[in-house]
Amino acid sequence: MNAAFGGNAAALTAIDVHVHLEPQEDNHVDAAAKKYFGDSGAARDHSGMAQYYRSRKIGFVVFSVDERLTGKPHVTNDEVVQFATDNADIAIPFASIDPNRGREGVSEAKRLVSTGLVRGLKLHPPVQQFFPNDRIAYRLYEVFAEARLPVIFHTGHSGIGTGLSGGGGIRLKYGNPLPIDDVAVDFPEMPIIMAHPSFPWQDEAISICLHKPNVYIDLSGWSPKYFAPQLIQYANTLLKHKVLFGSDYPLITPDRWMADLEKIAIREEVRPLILKENARKLLGLAESEGEV
């Protein structure tokens, strides 16, 4: 059982599985991402972000993205852990390690997992420039698979780099979710979360999630009003226990995401599963004190 939330998720209204921690001292705002997503008005400072989630009783998975392509500053994994420790009533830390770091990255993964504080791994293949089934990443997967901790993969289009010359150097081919199917076969004990509606490969993502028991989909990075009809259909039926609420904060806020969810045809009995229950079970969070 995860020790976050004091071992008690009953007081939470929702669990957001996709939240980015921005550098505390940095005023950098990705102009292309802001143009693509719009200005969310979300607090980017750490205390403001924590207060936002705490005031709404929303727990959240938090991470940075370890990459060198965009030149954007990023928060270190140790800083993410410290932030989550300071806000343990609402925050669950995930590491992010660029697979191209090789042995040094694997050593960092082992160190972080051994502390028992890091509860998963966040990867962004388009900005880290690798295919998920590239063997360069397999030693990382081995660390998290052994610990039975989930790995989140960015999938689909990238708002980062959209409209920039050459897409800011980001190659969209790395966002195709189909190579994740190989990872799910090779690491069946490792929970996998495919982040975002996987435009333009939504059907591929649904197929993988339907076929592989250890694969889930988080619905972050898109307003629900833009969800493809087939995603809504499967979220209501065969995948109702495998889709997760995620916002992509600070680019999209939970306030906006949940307001737009009310406007689409998600069944009433499915909404609690998406907003909280599926993530609670996946992350091993107790609903009440004494539950194991």
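Element breakdown for the chain at a 1.4 angstrom probe: carbon and sulfur atoms account for 52% of the accessible area. For Trp201, the accessible surface of its heavy atoms amounts to roughly 50 Å² (probe 1.4 Å, protein chains only, rounded to the nearest 10). Using Cα centres only, tell me the gap between the stretch 235-255 and the stretch 68-117 in whole Å. After rounding, the separation between the Cα centres reads 23 Å. Placing pseudo-labels 7 Å out from each Cα toward the beta carbon at Arg148 and Thr85 gives an inter-label distance of 2.6 nm. In this structure the amide hydrogen of Tyr249, modeled in the peptide plane, comes within under 5 Å of the amide hydrogens of His20, none closer than 5 places in sequence on its chain. For the stretch 165-173, the Karplus equation 6.51 cos²θ - 1.76 cosθ + 1.60, evaluated at θ = phi - 60°, returns couplings of 4, x, x, x, x, 8, 9, 5, 4 Hz by residue, with Gly and Pro reported as x. What are the DSSP H helices in the chain that stretch 27 Å or more along their long axis, judged by alpha-carbon atoms, and whose average Kyte-Doolittle hydropathy comes to at least 0.5? Qualifying helices: none.
With Rg/Rh (Cα atoms, Kirkwood Rh) in mind, check (i) 1.01; (ii) 0.92; (iii) 0.97 and report the label derived from this structure. Given (i) 1.01; (ii) 0.92; (iii) 0.97, the calculated one carries the label (ii).
What the chain shows is 42 Å² of accessible area per residue, with the surface traced by a 1.4 Å probe over protein heavy atoms. Near Leu239, within a Cβ-to-Cβ distance under 13 Å, what is the net charge of the other residues, with Lys and Arg +1 and Asp and Glu -1? With Lys, Arg at +1 and Asp, Glu at -1, the neighbours total +2. Taking the Cβ of Pro125 as the center, what net charge do the other residues with Cβ under 12 Å away carry, scoring Lys and Arg +1 and Asp and Glu -1? Around Pro125, the surrounding residues sum to 0.
Roughly how many debye, to the nearest 20, is the charge dipole of the stretch 74-130 about its Cα centre, given +1 on each Lys and Arg Cβ, -1 on each Asp and Glu Cβ, and no other charges?
280 debye
Over all other residues within a Cβ to Cβ distance under 15 Å of Pro197, the charged ones net out to -3, with Lys and Arg as +1 and Asp and Glu as -1. In this structure, no residue pair taken from Lys173/Lys242; Lys225/Lys276; Lys57/Lys281 has a Cα-Cα separation over 27 Å. Mean separation of Cα pairs under 8 Å and 6 or more residues apart, divided by the residue count, gives the chain a relative contact order of 23 percent.
Can you give the helix-only mean residue ellipticity at 222 nm for the chain, where every DSSP H stretch with n ≥ 4 adds -39500 (n - 2.57) and the sum goes over all residues, rounded to the nearest 500 deg cm²/dmol? For the chain, the value works out to -9000 deg cm²/dmol.
The values are calculated or read from the model by the stated rules, or taken from the named source; none is laboratory data. If you're wondering where the values come from, they're calculated on a predicted model, not measured in any experiment. All Cβ positions, glycine included, derive from the backbone under ideal geometry; neighbour counts span all protein chains shown. Keep in mind that these areas ignore ligands, DNA and RNA; they rest on the heavy atoms of the full protein, side chains included. Shrake-Rupley method; radii C 1.70, N 1.55, O 1.52, S 1.80 Å.
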